[in-house]
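The values are calculated or read from the model by the stated rules, or taken from the named source; none is laboratory data. Note that the coordinates shown come from a computational prediction; the quantities given were computed from them, not determined experimentally. Cβ coordinates were reconstructed from backbone atoms using ideal geometry, including for glycine residues, and neighbour counts include every protein chain displayed. Please note that ligands, DNA and RNA were not included when accessible areas were found on the heavy atoms of the full protein model with its side chains. Shrake-Rupley method; radii C 1.70, N 1.55, O 1.52, S 1.80 Å.
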Amino acid sequence: MNSNTETAPTFSRNVADLPGPKGLPIFGNQLQMRGSQWHVTLAGHIRQFGPIFRLEAFGIPIVVVSDRAAVGNLLRERPEGFERSGGLRARMNELKVGGVFTAEGDDWRKQRKMVTGGLSVDVIRNFFPTMGFMTERMLNRWKAALAEGKPIDLRRDLKALALDIIVGISMGYDLDVVNDDSNPLQHDLDNLMRRLASRGTSLYPYWRRFKLPADRVADKSANDVEQTVLEFIKSTRERMKQQPQVREKPSNMLEAMIAASEDPDSDFTDQELISNAISSVVGGVDTTANTIGWMINLLAQNPAAAASLAGEVDEVLGDARLSRDWDQMKQFPYLDAAHNETQRLRSATPFLGLISKADSVIVDTFVPKGMVIFVPTNCGDGMDEAHFPQHQLFQPERWISEQKLHKDDDPSRKVFPFGGGPRLCPGRFLALVEIKVVVSMIMRNFDLEFDTRAPPVTQVMNFFMSPSAVPVRLKLRA
Ligand code: HEM
């Protein structure tokens, strides 16, 4: 599909010939690409204009590609053919949260190896007991709140638990935000994530010319987080000196990355260890917490699906109140299906931004080097009646019972919630384990009651897409 092939690919049109929504003078479509609903607007354009169309921002064209085969190729042809969009990379690096996410070329290859090693199945399995401990702490807090008649803020709590788990695995530190949200590291991480979200939708990078108080606070937070992680690295190195066996069985990402950095053939720097520990936190908290939040919202509004899931969880967990058994992670087909259905309907990362590194032909269109390209992670097919009948409905069964006569009928080939190709999300397995542990704990212990008097839940796009609220009451099961 791109110019790397021997024979020049043919095409019948240029980007200028593509259809697209009408824009404003000077701004073009720029104003439609801002705000908390821009992903919904873009999804509407995909339905209207089809597999490839054009937007414009201040006279600069942008191509949106939703053709499934083309999206698969674009994601696969990285880092050589396409790279991440420059604006996002610059914004993340300015706040020191880039790591492997913003790296390209050989630098990306090196960091990717370190991060995938740090998030390997073995590391996650070694961390699994700690994840169970943290999840039980949440359960105990909820039970105590119910006993005392105190309200539960699920949106806040799910994020706190996700933060505890991700800081635990990526830095080897127990924040315990679930019980106490006054930890300075948590505040610094929150500041960074908030600034990242607000700069992501800013029309003009003003902070490069002058800093508002919020920018100065974020800069200080970036330095403080860096220092804190440096301290974690020092103390982890010290501990690994005392307990050399940790190298063989690392139970967190930092231990695994430090062990890898000690290999004489590696040239990992402390700066790379720090930025990747931080970028895993940034990449792993809201994505996972938002996905669980959406799943709880959707289950609470679909009692039949919730009952099927509770049935599965009861059978797998037996008398236990939460999973402590690694082998159970393979025994939740309905939970897996409910997760897939949640990602299809409410992806935490609905779009990826890329740049072409060479002239290419995409969906019969000549796309020159340097073009910004948006791809939807559900490829448009995820909300297409032909691919997912009654596509607006939450039906986990469609991921289980569908007869897959042909491999293209497999629904998991139609959406890419974790991206794809060589840059497929390296935290995918961790996220899936965490979602199973947390959601099975919720379903084993509580009935879900959707608060029908609450304002409608809306999709809010900051850096990631989140539910505006999780208005679900937990009621202790008998
Ligand atoms: C439900 C949870 C999650 C979702 C939906 C998600 C989604 C994604 C997506 C769509 C990408 C871009 C992939 C691409 O460019 O093809 C990505 C990349 C990434 N994710 Fe995740 N993610 C999740 C959880 C996590 C977790 C838990 C971590 C870390 C522990 C993590 C760390 C990363 C990193 C480091 C990258 C950059 C990879 C690279 O550029 O090579 N993610 N994720």
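Numbers at a glance
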read-out	value
Theoretical FRET efficiency, 1/(1+(r/R0)^6), r = Cβ-Cβ of Ser36 and Ile400, R0 30 Å, to 0.05	0.35
Solvent exposure ordering (accessible area, 1.4 Å, most first) of Lys110, Lys330	Lys330, Lys110
Listed residues Ser235, Ser280, Leu154: farthest to the positive end of the dipole of the chain (Cβ charges)	Leu154
Among 256-268, 437-449, the order from most to least packed when residues are scored by Cβ within 10 Å on average	437-449, 256-268
In order through the stretch 48-56: 3J(HN,Hα) via Karplus (6.51 cos²θ - 1.76 cosθ + 1.60), integer Hz, x for Gly, Pro	7, 9, x, x, 8, 8, 10, 10, 9
Spin-label model distance (nm) - Arg47 vs Phe133, 7 Å beyond Cα toward Cβ	4.8 nm
Using a Förster distance of 51 Å, the FRET efficiency for Arg239-Asp451 (Cβ separation, nearest 0.05)	0.65
DSSP bridge orientation in the chain - percent antiparallel, rounded to nearest 5	85 percent
Ranked packing of 217-227, 156-166, 452-462, most packed first, by mean Cβ within 10 Å	156-166, 217-227, 452-462
Label-point separation, Ser182 to Ala144 (7 Å along Cα→Cβ), nm	1.5 nm
Where Arg247, Arg195 fall by accessible area, highest first, once all protein chains stay in place (1.4 Å)	Arg247, Arg195
Cα shape, the stretch 1-121, gyration tensor, a/c 1.5 rule	oblate
Gain on full stretching of the segment that runs from Leu24 to Arg247 - 0.36 nm per residue minus C-alpha separation	74.5 nm
Distance (nanometres) between label positions extended 7 Å along Cα→Cβ at Arg216 and Asp410	5.5 nm
Pairwise FRET efficiency - Lys330 versus Tyr204, Cβ, R0 = 51 Å, nearest 0.05	0.55
HN-Hα J in Hz across the stretch 441-452 - Karplus 6.51, -1.76, 1.60, θ = phi - 60°, x for Gly and Pro	4, 4, 5, 6, 10, 9, 8, 9, 10, 6, 7, 6
Computed over the stretch 204-363: relative contact order in percent, which uses C-alpha pairs under 8 Å that are six or more apart	17 percent
Extension gain (nm, one decimal) between Arg13 and Asp270, 0.36 nm per residue minus Cα-Cα	87.7 nm
Three-way shape label, the stretch 169-303, alpha-carbon gyration tensor, a/c 1.5	oblate
Extension gain (nm, one decimal) between Arg477 and Ala304, 0.36 nm per residue minus Cα-Cα	60.6 nm
Filter on Lys110/Lys357; Lys159/Lys220; Lys330/Lys436; Lys150/Lys475; Lys150/Lys436 - keep pairs with C-alpha separation over 18 Å	Lys110/Lys357; Lys159/Lys220; Lys150/Lys436
Average Cα contact separation per residue, the chain, under 8 Å, 6 or more apart, as relative contact order %	25 percent
Net charge dipole size for the chain [Lys, Arg +1 and Asp, Glu -1 on Cβ; Debye, nearest 20]	980 debye
Average Cα contact separation per residue, the stretch 325-478, under 8 Å, 6 or more apart, as relative contact order %	23 percent
Phi to ³J(HN,Hα) by Karplus 6.51 cos²θ - 1.76 cosθ + 1.60 over the stretch 142-147, Hz, x for Gly, Pro	5, 4, 5, 4, 5, 4
Equivalent ellipsoid dimensions for the chain as semi-axes, Å, which come from the Cα gyration tensor, largest first	35, 29, 23
Helix-only [θ]222 nm of the chain, DSSP H runs n ≥ 4, -39500 (n - 2.57) each, per residue, nearest 500	-15500 deg cm²/dmol
Principal axes of the stretch 51-125: Cα extent on each, largest first, Å	46, 32, 22
Rg and Dmax [Cα atoms of the stretch 357-472; Å; Rg one decimal, Dmax integer]	18.5, 55
Cα gyration tensor category, rounded, prolate or oblate, for the stretch 259-377 with a/c compared to 1.5	oblate
Neighbour net charge for Lys159 - beta-carbon separation under 11 angstrom, K R +1, D E -1	-4
Under 5 Å, built H, 5+ apart or other chain: amide partners of Phe351	Thr377
